[in-house]
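The values are calculated or read from the model by the stated rules, or taken from the named source; none is laboratory data. In this text, all values refer to a predicted model and were calculated from it rather than measured experimentally. Cβ placement follows ideal geometry from the backbone for every residue including glycine, while neighbour counts extend to all protein chains displayed. Please note that ligands, DNA and RNA were not included when accessible areas were found on the heavy atoms of the full protein model with its side chains. Shrake-Rupley method; radii C 1.70, N 1.55, O 1.52, S 1.80 Å.
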Amino acid sequence: MGALQSIVAMVDPYVLQILVNIGIAIVLALGLNVITGITGQLSLGHAAFMSIGAFTSALITIKLGLPFGLNLLLSGIIAAAIGAAIGYPILRLTGDYLAICTLGFAEIVKVVFLNLDITNRALGLTVPPPKSPIPMPFYVWGVAILSIVFVCFMKESRFGRALKAIRDDEIAAEAMGINITRYKIQSFAIGSFLAGVGGGLYAHFLNYINPSDFGFLKSVDILSMMVLGGLGSIAGTVFGASVLAAAPEFLRFMAQYRMLVYGGLLVFMMVFRPNGLLGGVNFTDLVLRAIGRKPATAEINERHNKG
Amino acid sequence: MSLLKLDNVTIRFGGLVAVDSVNLTVEKGEILSLIGPNGAGKSTMFNLITGIYTPTEGTISFNGKQISGNKTHTIAAAGIGRTFQNIRLFAEQSVLDNVLIGAHTRGTWDLTGSLMKLAPWVRKEEGELTEWAIECLKQVDLAHRAYEMAVNLPYGEQRRLEIARALALKPDLILLDEPAAGMNPQEKQVLLEMVKKIRATGVTVFLVEHDMKFVMGLSDRIAVLDYGVKIAEGKPEDIRTNPQVIEAYLGKGAVH
Ligand SMILES: Nc1ncnc2c1ncn2[C@@H]1O[C@H](COP(=O)(O)OP(=O)(O)O)[C@@H](O)[C@H]1O
Ligand SMILES: [Mg+2]
């Protein structure tokens, strides 16, 4: 572990901070991507699950002092459980109605944290350092990479196919024997889990959290990352999260106009690149072509034209 | 025992009786066609069978068990596959993925399967599902299109893809809602042979179609619906000459 510490010590703290911000953003945006990009359920309250994870994780460190890995897991599970509980009634709604409900839920969560003694009300919580021998940047990127791998696996498995079917046509999905209520709730729980874990990382990286950090604007932040890269695209989400998590550092001089820029960006993307900057790009095919192997399409065409 | 039994089934939408006290059975292994003018209630009948609508009155049973009142996905899992009059493919996904989604109930690995995607036992199931999906695509002669996006297929092939997707469920009964709509005569002939082959594999076929040549050439029995009421049922040659049927299609006065 000493080796990791010395690597961290070698990197410029400013660069390190940007890298950690990007890693956390990837975890958060991937969570939203599962719910909105892959399953097609628009959520405007992702920051609420992030805050649930952040406060849970902070309290676990303060009150129980559990190891950080276990702490994050528990924070994610609690966010997922609340996600599933709230998802059960609201996921019957579609489109705008669902979006408005998630928005309302997020405001309720914020008000609850602002009024709870245990989370120190409007003063917020100071978070002690995590109980872990691994330095924070490695932790964050370890979790980010695990999240990327998991969502990639999920998307191309039977479970992920069911989610994508629901996104594309709920009636057809049901007619294929897919229990759409169950899968929507599971998708919401997975997205909330990642938001909760991201929140736990965020709390311990900033050392201080306040309920008003997790308002509507935070949800829009995360949504913008996903839309920039492309709904449902994992590479796109990683790209969007990287760009928008780093951007505020480079655009400090116009910090107060950030939301204006994001709003414009969202409108621009919806109009000109609704699939995101990287949406519709098949990376498996690209990589296979690059290393000189034929993509799957060509292979199956050959196999079946022969036979 | 009949495979599917509609017992006095009625559905009302406000004042409109879209299906009116219909009694109908589908026998194992047959090809039954449902015909009738536009708006007669044919698609509504398929939506009733598949649980998209619940009958206002009456019951529907499948393999001797009541299915009316059940959720759409449990009815599908019980062995009823279907296509839609207005094609409902997963348009932006590959042809193969469409059929793999159709094979959803044939697989078992769920969220845990995603976590263990590289494990041999999960890969084995994926491999088997893919082989099965290709099998289904071959039945409608679309295996060579497996990796194209569904929306890029020509119209007639999209209709066939919907059939492959429904077959992937390994249904006992398949419901085809106007499978030949929008096809040219050659394509219709090819489709007719495909449906015959599908029946030969042991799948019972219940279809809605307007093209009389297609229906007469394919069906063992035909039922006729008019304004939600079943006005006739029988062998193709009897239906062709049934005065009530001719009247429903051509209007009063057509029969002398
Ligand atoms: N969900 C619904 N609400 C109201 N009316 C409906 C609904 N579904 C179908 N209908 C009506 O029921 C009648 C039968 O429609 P349909 O079953 O689609 O006819 P078709 O025999 O052409 O397939 C039509 O008058 C249609 O407008
Ligand atoms: Mg119809």
Report, to the nearest 10°, how far helix B:185-200 tilts away from the longest principal axis of the Cα atoms in chain B, using its own Cα long axis and a range of 0 to 90°.
70
Whole-Å distance linking the alpha carbon centroid of the stretch B:170-241 with that of the stretch B:87-149 is 28
Across the alpha-carbon set of chain A, Rg over Rh with Rh taken as the Kirkwood radius works out to 0.99
Reduced to Cα centres, the span from the stretch A:146-162 to the stretch A:194-261 in Å works out to 22
How many nm is it between the label spots at residue B:56 and residue B:92, if each spot is 7 Å from the Cα in line with the beta carbon?
3.9
For residue A:12, what accessible surface area do you get with a 1.4 Å probe? Give it in Å², rounded to 10.
80
Got a number for carbon plus sulfur as a percent of the protein assembly as shown's accessible area, 1.4 Å probe?
61
Two pseudo-spin positions, 7 Å from Cα along C-beta at residue A:122 and at residue B:1, lie apart in nanometres by 6.9
Straight-line reach from residue B:235: which aspartates and glutamates fall under 13 Å, measuring Cα to Cα and dropping same-chain residues less than 8 apart?
B:30, B:220
For residue A:182, project a label point 7 Å along Cα to C-beta. Then give me every residue of the stretch A:138-164 with its amide nitrogen under 17 Å of that point.
A:158-164
Cα-projected label distance for residue B:229 with residue B:141, points at 7 Å along beta-carbon direction, nm
4.3
Residue B:110 to residue B:241: FRET efficiency via 1/(1 + (r/R0)^6), r the Cβ-Cβ distance, R0 51 Å, to the nearest 0.05?
0.40
Just list whichever of A:184/B:230; A:155/A:218; A:63/A:164; A:155/B:42; A:110/B:71; A:110/A:131 have alpha carbons separated by over 29 Å in the model shown.
A:184/B:230; A:63/A:164; A:155/B:42; A:110/B:71
Once the Cα atoms of the stretch B:174-256 are picked out, what are the Rg and Dmax in Å?
13.8, 44
Within the stretch B:223-239, whose backbone N sits under 18 Å from a point 7 Å along Cα→Cβ of residue B:23?
B:223-226, B:228-235
Accessible heavy-atom area order of A:270, B:116, A:10, highest first, probe of 1.4 Å
A:10, A:270, B:116
Hey, got a sec? Which trypsin sites (Lys or Arg not before Pro) in the stretch A:84-164 land in a DSSP loop and have at most 14 other Cβ atoms within 10 Å?
A:92
Are there DSSP H segments in chain A that both extend 18 Å or more along their axis (alpha-carbon positions) and score a mean Kyte-Doolittle hydropathy of at least 0.0? List them, or say none.
A:13-32, A:46-59, A:68-90, A:95-115, A:136-155, A:180-206, A:216-229, A:234-250, A:258-272
Under the classification rounded if a/c is under 1.5, otherwise prolate if a/b is larger than b/c and oblate if not, where does the protein assembly as shown fall, given a ≥ b ≥ c as square roots of the Cα gyration tensor eigenvalues?
prolate
Which net charge results when you count Lys and Arg as +1 and Asp and Glu as -1 among the other residues whose beta-carbon is under 9 Å from that of residue B:207?
-3
What does the C-alpha gyration tensor say about the overall shape of the stretch B:37-181? Classify as rounded when a/c is under 1.5, otherwise prolate if a/b is larger than b/c, or oblate.
oblate
Expressed in nm to one decimal, what extension gain is obtained for the pair residue A:88 and residue A:145 from 0.36 nm per residue of sequence separation less their Cα-Cα distance?
17.6 nm
Using a 1.4 angstrom probe with every protein chain in place, what is the largest-first accessible-area order of B:7, B:177?
B:7, B:177
Rounded if a/c is under 1.5, else prolate if a/b is larger than b/c, else oblate: which is the stretch B:97-167, with a ≥ b ≥ c the root eigenvalues of its Cα gyration tensor?
prolate
